[in-house]
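Read the structure below first, then the notes.
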Amino acid sequence: MPIILPNNKLEEIPSIVFSELRKGASRKKHPFKNVVLTTLSKEIPTSRWVVFRKLTLEQNLLIYTDSRTEKIKDLRKNSNSGLLFYNNKQGLQIYFSTVSIIHQNNELTKKYWQGIAGTSSENYTTIYPPSTPIKNIYEGQKTDKDLNDKHFSIIELCPINMSILQLSRDGHIRASFSKINNEWEGSFIVP
Ligand SMILES: Cc1cc2nc3c(=O)[nH]c(=O)nc-3n(C[C@H](O)[C@H](O)[C@H](O)COP(=O)(O)O)c2cc1C
């Protein structure tokens, strides 16, 4: 069922979108729990699924990763990135163009590491860095004895533009917004 309806005003759309995203970050089975992150290596784009962990009060989006991954290398050189969500039940696509802040070994990573230690810390503590060629799959599962947070990173993605497409039998609705002085300004556009 569509969530953005023909009688919704343009200025109501960002709050509808962010309230859906907040649900996505907090519910394991929500279609917005995973998101496609696109980064650029020189001019070549790479996309991959990541888990959407949290929406901050500033409406920035947090994801966790290992600081040795390609996405981090890309973002350190060029922080321009993209986040693509789709809710198949609602027919709602959301795309953000973003700039990113990488957190490592700071208050934020220390805070969230507490929720990871003992559950999925092996995702951030492999002996060989992610993407290293290995002779067998077991080499890829070897972790440091000390499962510490030295490679644990949080990418904070700060939206600059937002584009939404609501598919609907009554007529698709598409709108594009830019974040200007912390407010979303935009327009409906042809779907
Ligand atoms: C559903 C799903 C969720 C994933 N979540 C994450 C994640 O939260 N963080 C992460 O670094 N990789 C995650 N991955 C793995 C990435 O898609 C990717 O394979 C890995 O991070 C290496 O990417 P890179 O070499 O381009 O940096 C996830 C993969 C899938 C299929």
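Worth a mention:
- The one condition from (1) touching a residue at least 12 places away in the same chain (Cβ under 8 Å); (2) more than 22 Å from ILE180 (Cα to Cα) that SER81 does not meet is (2).
- Some residue of region 118-136 being among the hydrophobic types (A, V, I, L, M, F, W, C), under 20 Å from GLU70 (Cβ atoms) and away from the ligand (no atom under 16 Å from the Cβ): yes
- Boolean, GLY140 is farther than 21 Å from ARG27 by Cα, more than 18 Å from the chain's Cα centre (by Cα) and assigned to a helix (DSSP H, G or I): yes
- Residue list for region 143-191, filter: β-branched (Val, Ile, Thr), at pLDDT 95 or above and in a strand (DSSP E or B): ILE154, ILE155, ILE160, ILE164, ILE173, ILE180, ILE189
- Strands (runs of 3 or more DSSP E) fully within region 47-105 counting 2 or more residues that are at pLDDT 95 or above and away from the ligand (no atom under 15 Å from the Cβ): 92-104
- Pairs, first at positive phi in region 42-55, second within 8 Å of the ligand (Cβ to nearest atom) and β-branched (Val, Ile, Thr), C-beta under 9 Å, six or more apart: none
- THR98, sole failed condition from (1) without any contact (Cβ under 8 Å) to a residue 60 or more places away in the chain; (2) surrounded by 13 or more Cβ atoms within 10 Å (Cβ to Cβ); (3) touching a Ser or Thr at 6+ places or on another chain (Cβ under 7 Å): (1)
- Condition check for PHE32 on (1) under 28 Å from VAL190 (Cβ atoms); (2) surrounded by fewer than 18 Cβ atoms within 10 Å (Cβ to Cβ); (3) among the aromatic types (Phe, Trp, Tyr); (4) touching a strand residue (DSSP E or B) at 6+ places or on another chain (Cβ under 6 Å): one failure, at (2).
- Residue pairs meeting the criteria (Cβ under 6 Å; at least 6 apart or on separate chains; first of a type outside the set (Ser, Thr, Tyr), in region 117-135; second in a loop (DSSP other than H, G, I, E, B) and at pLDDT below 95): ILE127/LYS142
- ILE116, sole failed condition from (1) modelled with pLDDT of 95 or more; (2) touching a Phe, Trp or Tyr at 6+ places or on another chain (Cβ under 8 Å): (1)
The values are calculated or read from the model by the stated rules, or taken from the named source; none is laboratory data. Since the model is a prediction, treat every value here as computed from it, not as a measurement. All Cβ positions, glycine included, derive from the backbone under ideal geometry; neighbour counts span all protein chains shown.
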